[in-house]
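Each reported figure results from applying straightforward, stated rules to the coordinates on display, with no laboratory input. No experiment lies behind these values; they were computed from the predicted model shown. Don't worry about glycine lacking a Cβ; one is built from the backbone with ideal geometry, like all the others, and counts go over all protein chains shown.
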Amino acid sequence: MTPRELRALCLSFDAAVEDFPFNPETSVFKVRGKLFALSALDARPLRVNLKCEPENAVRLRGEHPGLIVPGWHMNKRHWNTVTVDAQLPDRLVRELVEDSYDLVVAGLPRADRLRLDRP
């Protein structure tokens, strides 16, 4: 997956926006003001921080050592840093981004979830 594809994927979700609150190099993808993905899209290797259920986070780290690690500068229990390269299938990366988005949406007020068609 390329940086352009990762950006397009993150922006493909309902109400997703890209913001740069930290610096011009770090893309922060949000839904209704809540972060669901964070990446320095120009960095090599390409990495993205994604929210994850704690049990799945530990499992994924064990299944993909070195490629999926505790979230850098994030709550290590709820966030993973995923190295987006040829060793991880694009399908898995897409699923992890979608899961992160869904977890953040699940924490939004019900009215916002209904507007996003994700009750």
* Asked: How would you rank Cys52, Cys10, going from fewest to most other Cβ atoms within 10 Å of each one's own Cβ?
  -> Cys52, Cys10
* Structure fact -> Everything considered on the Cα gyration tensor (a ≥ b ≥ c; rounded for a/c under 1.5, else prolate if a/b is larger than b/c, else oblate), segment 62-119 must be described as oblate
* Name the helices (complete DSSP H segments) of the chain with a Cα length along the long axis of 15 Å or more and a Kyte-Doolittle mean of at least 1.6, or state none. => none
* **Where labels lie 7 Å past Cα in the beta-carbon direction, separation of Thr2 and Glu25 in nm** => 2.2 nm
* **Mean shadow area of the chain, taken as a quarter of the surface of its Cα convex hull (nm²)** => 7.0 nm²
* Let me know the charge dipole size of segment 3-115 about its Cα centre in debye, to the nearest 20, where only the beta-carbon of Lys, Arg (+1) and Asp, Glu (-1) is charged. => 280 debye
* Top positive-direction residue, dipole computed over the chain with Cβ charges, set Pro3, Ala15, Leu92 -> Ala15
* Structure fact -> Percent antiparallel among DSSP beta bridges confined to the chain, nearest 5, equals 100 percent
* Structure fact -> Counting only DSSP loop positions in segment 1-84, the GluC sites (Glu not before Pro) whose Cβ has at most 15 other Cβ atoms within 10 Å are Glu25
